[in-house]
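Please read the structure below before turning to the comments.
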Amino acid sequence: MRKFLLFLFAFVLLASVAYASPVKLVVVGDAGHNLKPFEWYAKDLKEKFDVELEVIGVPFGELYEKEKVELIAGTGAFDIMIVFPKFLAEFAANGWLYPLDEFVAKLDPKLDDVTPGYRDFYCKYGGKLYALPYDGDVLSLYYRKDLLENEEERKAFKEKYGYDLKVPETWDEYLDVAEFFTRKAGEKLAGEVLQRDFYGTAYYGQKDQIFAWWGNIFASLGGVYFDEETMEPAINSEAGVKALEIMKEIHKYCPPDVLAYGYEELKDVFLNGDCFMVIQWPCVGKKGADPAQSKIVGKIGVSHVPGVKKDGEIYYRAMMPCGRVLAIAAQSKDPWKAYQVIHYLSVVTSLDDVSTPETGLDPYRYSHFAHPEAYEMFANVEDAKIYLAGVQKNMEKGYPEMVLPGTVEYEETLGVALTKALAGELDPKSALDEAAQAWRDILERFGKEQQKALYQELVKGWKAVGLW
Amino acid sequence: MGGLRKRDWWMAFLFVLPVVVILLAISIFPMVYSFYLSLCRWDIGMGGQRTFIGAGNYLRLFSDARFFNSLKNTGRVLLFGVGTQFALGLSLALLLNRSFRGRSLVVTLFLLPMMISPVVVGCIWKIIYHYQYGPLNYLLNLLGIRSVNWLGSGSISPYSIVLADIWEWTPFMVITLLAGLQAIPDDLYEAARVDGANRWQIFSGVVFPLLRPVVIIAILIRVMDAFKIFDLVVLLTMGGPGQASESVAFYNYLTGFKYFSMGYASAMSYVQLAVIVAIANVFLRSFKGRAVV
């Protein structure tokens, strides 16, 4: 009897210890600065929601496969996932994500405060909410305002091109400015002899995201991904070819190794002061104001991406590639606790997280734009306002990234074709024809009719919020 | 088996059974299943229906320019990479096969690149190759040579991978061939010298024939390893620009784990296996026919 009581006591003790220990939630995301908030608030989250986080970072370019392999195998390895919106449709359609609608009434994610693009296309699928926003990405034009205002440079520019040096608003102006500022080591820039080569511009050259830099031009020329009715790829249209021709011109004023550039290289070439202007994600504006990360603090201007002139007006479209949302795996050990965590990051701490140069997270709520004083890395509130206004200007004319199942493959095959043209292996038309053929093959494999229905639904939604 | 009694036979069977089961589960079954997959279309992006298509994936491979491009890049690593590693490795092994002060230290230093984690090797070479700030271009500039676009040019980046591979794996050749050289008895050198052979005659008539089995094995191991080159491709270029420096293993990875076309990726793996088995056979035949020791 005594033995039995002893056993019972031990059992109850162990059970109560197990019951009292916090729930362990596994978080997966792209390694580096965007996982930092999970570390910063780990203690708060433990106190508030009784959860312990294990954070797993995987390389940026490998997030899709790492997440998908575990989801397919149904291992239940992850609870909270940072997901790029382009995977969301595929993950949700396969039933791998936990729908969040049931939690919304209990804990309001304040979706009305989120700008429509990020709210409706990056977080929802088939009318259901599958994620909360975490990072709002849109491309913007960053340039060296100190060089633009330099009298000597202004004079030389006017002499050469016959008009005043200004922030380029059209692709033609962009090419002129890029050409003008491309200098060799030993030449002068703003009165000083250059120790290294200086470039007019640069772009993201790796095959996974290069589509977006071409896409800014393509979209401003009126290009679309597919013909809605026939689902025939439209990337090799006149707009596509023209956009690639313009990009080939831009390529002349870039660093020679630009085709190897990813996010880091593109950020560094600008913030190291080796390049006049880049089109980049908003976080580069924040990081550029941080002396620990930038050699050009206080010298950066931000504007909308260039476009084309139509009837006296500039028609521009800024691509919205990447972005991050927080989703919960369908097999999560505790979806409610996981929801509380992502709600905390998406609602409670989000302003702090998007307004620090420590992360690569960018504004996505109206409230983020209404508090310029939070962006303390800028020298003053006025500079922060200029930065936010520049980002907002692009967001209003945002061109959404496709979020169909198979988007990773669509974008990468397009990227390969663009690179071939830029490296001179193929002419722009042949390269885009090759990409269009690859897209037809992908369509067939994923089911043309299913893709057509999803694409039409997407376009309907884009039109409804004025992004199409 | 005929000599065994029935009871002993069962006993032997029971002892062997766990090994057979493990082999079947972790080796034979995946082989058979992946071969079956190579005959199916199985894109696990949506729904994941598996359809038997016979040789369809293999036929698709033979019209896939990207696959042939990756084969060409892998061939470059085998030809220029392993070839140079062998030439350098043999030269260094011959130099180190004599006694001098600090020899052990020199041999250990030679081994360092091979001991470093491949990820670190990739990161080091990425810095070395940096166009604007890399030490390699800096040195070239000092010599009056223009900067080379190591990673951003489609025609150069495959060779940049080869160069890093040479740096990493030449020590393997050095150490293996050095071990082979040290196994050759001194008497044979002395006998050759007594017979009036000069250095070249000793090398070509005595040393190399005796070293041949080690040479063949060393090259075979490196060829099999280099055929699967993946880490340097990922770390240095991600197969880029575009697809310019993709290796077969990297393209296979993309097909299987980025595009999730499992049937096609399996077919690609089997073609790779066939190629490597054919290459290995050529080496092993030469080993069989010409072994001296």
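The values are calculated or read from the model by the stated rules, or taken from the named source; none is laboratory data. In this text, all values refer to a predicted model and were calculated from it rather than measured experimentally. Please note: Cβ atoms are built from the backbone with ideal geometry, for glycine as well, and neighbour counts cover all protein chains shown.
Looking at B:ASP231, B:ASP195, B:ASP225, B:ASP186, which one is under 19 Å from B:VAL119 (Cβ atoms) and away from chain A (no Cβ under 14 Å)?
B:ASP225
Within the stretch A:272-282, if we keep just the residues that are buried (at least 23 other Cβ atoms within 10 Å of the Cβ) and touching an Asp or Glu at 6+ places or on another chain (Cβ under 9 Å), the residue that is nearest to A:ASP362 (Cα to Cα) turns out to be A:PRO282.
Annotation note: of B:PHE230, B:PHE250, B:PHE208, B:PHE257, the sole residue that is without any contact (Cβ under 8 Å) to a residue 24 or more places away in the chain, in contact with a Ser or Thr (Cβ under 8 Å, 6 or more places away or on another chain) and not hydroxyl-bearing (Ser, Thr, Tyr) is B:PHE230.
Quick grid of which residues meet (1) farther than 29 Å from A:TYR225 by Cβ; (2) of a type in the set (Asp, Glu):
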| residue | (1), (2) |
| --- | --- |
| A:PRO321 | no, no |
| A:LYS337 | yes, no |
| A:GLN340 | yes, no |
| A:ASP352 | yes, yes |
| A:THR359 | yes, no |
| A:PRO363 | no, no |
| A:SER367 | yes, no |
| A:GLU376 | yes, yes |
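In the set (1) over 21 Å from A:VAL284 (Cβ atoms); (2) within 14 Å of another protein chain (Cβ to nearest Cβ), the condition left unmet by A:LYS128 is number (2).
Being within 27 Å of A:LEU45 (Cβ to Cβ), surrounded by fewer than 21 Cβ atoms within 10 Å (Cβ to Cβ) and among the aliphatic types (A, V, I, L, M) is a property that holds for A:LEU107. For the stretch B:203-218, the set of residues classified as surrounded by fewer than 17 Cβ atoms within 10 Å (Cβ to Cβ) and within 15 Å of B:SER91 (Cα to Cα) consists of B:PHE203, B:SER204, B:PHE208, listed by residue number. Only helices (runs of 4 or more DSSP H) whose full extent lies in the stretch B:50-102 are considered here, and the ones with at least 1 residues that are basic (Lys, Arg) are B:56-61, B:65-76.
Spot the failing condition for A:GLU358; the list is (1) assigned to a helix (DSSP H, G or I); (2) closer than 28 Å to A:CYS283 by Cα, and only one is missed. A:GLU358 satisfies all of (1) assigned to a helix (DSSP H, G or I); (2) closer than 28 Å to A:CYS283 by Cα except (1).
At least 2 residues being modelled with pLDDT under 90, more than 20 Å from A:ASP135 (Cα to Cα) and more than 28 Å from the chain's Cα centre (by Cα) is the threshold, and among the helices (runs of 4 or more DSSP H) wholly inside the stretch A:1-83 those reaching it are A:2-20.
Being assigned by TED's automatic domain parsing to the domain that holds B:GLY205, surrounded by 14 or more Cβ atoms within 10 Å (Cβ to Cβ), of a type in the set (D, E, K, R) and out of contact with any strand residue (DSSP E or B) (no Cβ under 9 Å at 6 or more places or on another chain) is a description that does not apply to B:GLU190.
Total residues in the stretch A:125-144 satisfying the condition of being of a type in the set (D, E, K, R) and farther than 30 Å from A:GLY307 by Cα: the figure is 1.
When restricted to residues that are more than 17 Å from the chain's Cα centre (by Cα) and either within 11 Å of B:ASN73 (Cα to Cα) or more than 12 Å from chain A (Cβ to nearest Cβ) (or both), the stretch B:234-253 contains 3. Scanning the stretch A:371-398 for residues that are closer than 14 Å to A:GLY298 by Cα, free of Cβ contacts under 8 Å to residues at least 24 places away in the same chain and assigned to a helix (DSSP H, G or I) yields A:VAL381, A:GLU382, A:ALA384, A:LYS385. Here the stretch A:378-402 is the region considered, the condition is being closer than 23 Å to A:TYR225 by Cα and surrounded by 23 or more Cβ atoms within 10 Å (Cβ to Cβ), and the residue that is farthest from the other protein chains (Cβ to nearest Cβ) is A:MET395.
Checking each residue of the stretch B:139-158 against the condition of being crowded, with 22+ Cβ neighbours inside 10 Å, closer than 15 Å to B:SER247 by Cα and more than 10 Å from every other protein chain (Cβ to nearest Cβ) gives at least one match. Could you go through the stretch B:100-120 and let me know if any residue there is within 14 Å of chain A (Cβ to nearest Cβ) and at pLDDT below 95. Yes, because at least one residue in the stretch B:100-120 is within 14 Å of chain A (Cβ to nearest Cβ) and at pLDDT below 95. Checked against the criterion of being outside any helix (DSSP H, G or I) and not hydrophobic (A, V, I, L, M, F, W, C), the stretch A:438-446 has no qualifying residue.
Anything in the stretch A:71-92 that is of a type outside the set (Val, Ile, Thr) and surrounded by fewer than 19 Cβ atoms within 10 Å (Cβ to Cβ)? List them, or say none. Within the stretch A:71-92, A:ALA73, A:GLY74, A:GLY76, A:ALA77 qualify.
Only residues that are assigned to a helix (DSSP H, G or I) and within 13 Å of chain B (Cβ to nearest Cβ) were counted in the stretch A:245-276, giving 11. What pairs can you find where one residue is in the stretch A:413-431 and closer than 14 Å to B:GLY239 by Cα and at the interface with another protein chain (Cβ under 9 Å from one of its Cβ atoms), the other is in a helix (DSSP H, G or I) and among the charged types (D, E, K, R), and their Cβ atoms are less than 7 Å apart, with a gap of 6+ or different chains? Going by the 7 Å Cβ cut-off, the qualifying pairs are A:ALA417/A:GLU434.
Scanning the stretch B:220-275 for residues that are surrounded by 20 or more Cβ atoms within 10 Å (Cβ to Cβ), over 25 Å from B:SER155 (Cα atoms) and not small (Gly, Ala, Ser) yields B:TYR259, B:PHE260, B:MET262, B:TYR264. When B:SER34 is tested against (1) part of a helix (DSSP H, G or I); (2) polar (S, T, N, Q); (3) modelled with pLDDT under 90; (4) under 28 Å from B:GLN272 (Cβ atoms), exactly one condition is not met: (3). Taken residue by residue, the stretch A:138-159 has no member that is surrounded by fewer than 20 Cβ atoms within 10 Å (Cβ to Cβ), part of a loop (DSSP other than H, G, I, E, B) and among the hydrophobic types (A, V, I, L, M, F, W, C).
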